[in-house]
1. Name the one entry in 179, 165 that is among the aliphatic types (A, V, I, L, M), buried (at least 17 other Cβ atoms within 10 Å of the Cβ) and assigned to a helix (DSSP H, G or I).
2. Check off (1) surrounded by fewer than 16 Cβ atoms within 10 Å (Cβ to Cβ); (2) under 25 Å from residue 70 (Cα atoms); (3) among the basic types (Lys, Arg) for residue 203 and give me the number that stays unchecked.
3. Quick one: is residue 143 surrounded by fewer than 18 Cβ atoms within 10 Å (Cβ to Cβ) and either farther than 24 Å from residue 98 by Cβ or touching a Leu at 6+ places or on another chain (Cβ under 7 Å) (or both)?
4. Within the range 202-218, does at least one residue satisfy the condition of being modelled with pLDDT of 90 or more and either more than 19 Å from the chain's Cα centre (by Cα) or outside any helix (DSSP H, G or I) (or both)?
5. I'm trying to understand the selection: among the residues of the range 53-67, which are among the β-branched types (Val, Ile, Thr), farther than 15 Å from residue 155 by Cα and touching a helix residue (DSSP H, G or I) at 6+ places or on another chain (Cβ under 6 Å)?
Amino acid sequence: MPDDKAFNGRRDFLRKTLAVIPAITVAGYGVATTVASQAAPTLQNPYRPRFFTAAEWAFVNAAVARLIPSDANGPGAVEAGVPEFIDRQLETAYGHGNLWYMQAPFSADAAPEFGHQLKLVPRDIYRIGIAALDRWCQSQHGKVFAELEPAGQDDLLRQLEGGHLDLQDLPSTLLFSQLWQNTREGFFADPIHGGNRGLVGWKLVGFPGARADFMDWVDRNEKYPFPPVSISGERG
């Protein structure tokens, strides 16, 4: 979690994060001008999580709100429906680890090119990791993560990212990397998957979405003049 001074604004920072998210994730999971103060649409029927418990749901909402906060540039991760995106993904083959090679042997010392080296699939990482972090918070602060002040939450997320917390049940960096990856995916994925509500992520970085043809604009060094379009046909 970089400090605010480490990058020039949320828009530039989030634009840079797209470089580490596969393009298929943004367009298939499931960049136009925007008005900075535009709000994400309000849902009349709030989403009810299918995987997360109430305590886990509180953690996810609190954590993603600090990772991509709402500010003058526009809505943040919560307003964009990122918690819903994550919850829905954990009920898919991805969440169950069915898309990963999960056979032994596992080696914590293996090089990164060997891929995931733990028995934990995404569902396990969240379930075990959130419980372990909340126990740590209770022992140190008398409160779970979701009940801490924003500054305290930011500090803990930095410690998670740096591997400075001993959660005992799993590496703290594993919980942070899983959460951060899914938060970015939910903010930039096609809205049909539950996140990027109102296409706010695409508007923020100027991504045209699932338009049939925008190649004429690629080399023009101009702002794309049309709003983004979802796979469903929703327009930003």
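The values are calculated or read from the model by the stated rules, or taken from the named source; none is laboratory data. Treat the numbers as computed from the prediction; the structure is a model and nothing was measured. We place every Cβ from the backbone using ideal geometry, glycine too, and count neighbours over all the protein chains shown.
1. Details: 165 fails: assigned to a helix (DSSP H, G or I).
Of the residues listed, the single one that is among the aliphatic types (A, V, I, L, M), buried (at least 17 other Cβ atoms within 10 Å of the Cβ) and assigned to a helix (DSSP H, G or I) is 179.
2. The number of the failed condition is (1).
3. The answer is yes for residue 143.
4. no
5. Step one: of the range 53-67, the residues among the β-branched types (Val, Ile, Thr) are 53, 60, 64.
Subset that is farther than 15 Å from residue 155 by Cα: 53, 60.
Across the range 53-67, the qualifying residue is only 60.
Okay, residues lined up against (1) outside any helix (DSSP H, G or I); (2) modelled with pLDDT of 95 or more; (3) within 20 Å of the chain's Cα centre (by Cα):
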site	(1), (2), (3)
103	yes, no, no
120	yes, no, yes
123	no, yes, yes
126	no, yes, yes
133	no, yes, yes
154	no, yes, yes
160	no, yes, yes
